[in-house]
Amino acid sequence: MSGRGLISFRCWRLLVAALICFAPAAAPAQNLMAPQAAVPVPLTPGTGTPGATMASPVPLAPPSSPPVAQVTPIVPAGHVALAVAARYGRDAPAISGGLIWRVYAAKADTTGVFRLIKEDRGAAPTFILPPGSYVVHASLGLASAAKAIQLRADTVREMFDIPAGGVRLEGRVGDVRIPPGQISFDIYPGSQFDTSNRRPLAQNVITGDVVLLPEGTYYIVSNYGEANSVVRSDVRVQAAKLTDIVVTHRAAALTFKLVNDAGGEALANTQWTVLTPGGDVIKESIGAFPRVVLAEGDYHLVARNSGKTFQRDFKVITGVDGEVEVLAR
């Protein structure tokens, strides 16, 4: 007898909507593979084209921890066994780790909530349940699948298709890897040219994390620093594949100093404003040594201290980090 239940269409729609709000959120990033650090090499100023470079996808590896052996459970009288497993798609490999399984009641309770009955993180768990109707939800990172299940007397076996893939991100200026704490990534569905959806699927993803996503097209917003070094790139996620993505920024990290004489001590309690040549404000900060990452280009810098204003123009060259001094005279 088939294990697929006949839950009413109305109940099914209610449950799917409830799962979005009720199910605990899956972690947006899982360290399924250790990042490979790039070896820094001397940087030639002005090199590197902004955008993302994608390495050839490789098979998505399982978690580094060994799989837990599955023990055949004893089915007590009046209960039924439900064995579940997942794969990356029809005729695709089985998913061997990173799954979260949740079994819900098929009908909402008096408060309108679909009760969570059981949860498991095994690759292919077996649930022992009383006969009845259920909905089983399987998630892998940000990808998921759900099925309505009817249990009667015989053991039911169900295979879930979750066509998911992984992306692993890092940022560079030229050939130099940007330290993880200085760059972050936001991931959005669709293309950057499609303005209909502006809600990110994952925010503040750090270098080296593997983000598991449903197969499809996404765009990545990479922020180096907290000013204007922002790169947007479209990427493609393939089922059962891990894609390494390197986002290249044309920028430099600069430290500002207000000094009485060239090379002198920096004056404390200085207010800083970085502007474009046209007068648009890029970044404001306070301090003796503010550090700012700026995209390549020309800028105007204003320093205010003790009621006086000092200013100068400067130029940012990709990869050329250093100091910008403003003379207090």
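The values are calculated or read from the model by the stated rules, or taken from the named source; none is laboratory data. It should be emphasised that the depicted structure is a prediction, and the values quoted were computed from it without experimental measurement. We place every Cβ from the backbone using ideal geometry, glycine too, and count neighbours over all the protein chains shown. These accessible areas exclude ligands, DNA and RNA; they are computed on the full protein's heavy atoms, side chains included. Shrake-Rupley method; radii C 1.70, N 1.55, O 1.52, S 1.80 Å.
What is the log10 of I(q)/I(0) for segment 129-243, computed with the Debye formula using one identical point scatterer on each Cα and no solvent, at q = 0.19 Å⁻¹? One equal scatterer on each Cα of segment 129-243 leads to -1.00.
Tell me the net charge near Ile282. Cut-off is 12 Å between Cβ atoms, Ile282 excluded, with +1 for each Lys or Arg and -1 for each Asp or Glu.
Details: positive: Lys283; negative: Glu226, Asp280, Glu284, Asp298.
Net local charge, Ile282 excluded: -3.
Rolling a 1.4 angstrom probe over segment 262-329 with all protein chains present gives an accessible area of which 47% lies on carbon and sulfur atoms.
At 0.36 nm per residue, and after removing the present C-alpha to C-alpha distance, how many nm does the segment from Asp154 to Asn204 gain when stretched out fully? The partial results should precede the final answer.
Details: separation 50, 0.36 × 50 = 18.00 nm, distance 4.67 nm.
Residue separation times 0.36 nm, minus the Cα-Cα distance, leaves 13.3 nm.
For Pro163, neighbours were defined as the other residues whose beta-carbon sits under 10 Å from its Cβ, and their charges (Lys and Arg +1, Asp and Glu -1) total 0. Inter-label distance, Thr111 to Leu327: 7.1 nm, where each label sits 7 Å from its Cα along the C-beta direction. Solvent exposure of segment 48-197 amounts to 49 Å² per residue of accessible area, where only protein heavy atoms count and the probe is 1.4 Å. The calculated FRET efficiency for the pair Asp261 and Ser191, based on their C-beta separation and a Förster distance of 45 Å, comes to about 0.30. Using R0 = 41 Å, the C-beta based FRET efficiency linking Gln311 and Ala55 works out to 0.40.
For segment 108-147, carbon and sulfur atoms together expose 51% of the accessible surface, with a 1.4 angstrom probe and every protein chain in place.
Normalised by 2.2 N^0.38 Å, where N is the number of residues, the C-alpha radius of gyration of segment 99-180 stands at 1.60.
Near the amide H of Asp209, within less than 5 Å, lie the amide hydrogens of Leu169, all on another chain or at least 5 residues away, with H placed in the peptide plane. A quarter of the convex hull surface defined by the alpha-carbon atoms of segment 162-214 gives 4.7 nm² as the mean projection.
Less than 5 angstrom separates the built amide H of Leu258 from those of Leu267, Val326, all sequence-distant by 5 or more or on a different chain. Close amide H partners of Ile178, meaning residues 5 or more places away or on another chain with modelled amide H under 5 Å apart, are Gly171, Arg172, Val173.
Its Cα gyration tensor gives segment 259-329 an equivalent ellipsoid; the semi-axes, largest first and in whole Å, are 19, 14, 11.
Can you tell me how much longer the chain between Ala94 and Asp298 gets when fully stretched, taken as 0.36 nm per residue apart minus their C-alpha distance, in nm with one decimal?
Numbers: separation 204, 0.36 × 204 = 73.44 nm, distance 5.31 nm.
Using 0.36 nm per residue and subtracting the Cα-Cα distance, I get 68.1 nm.
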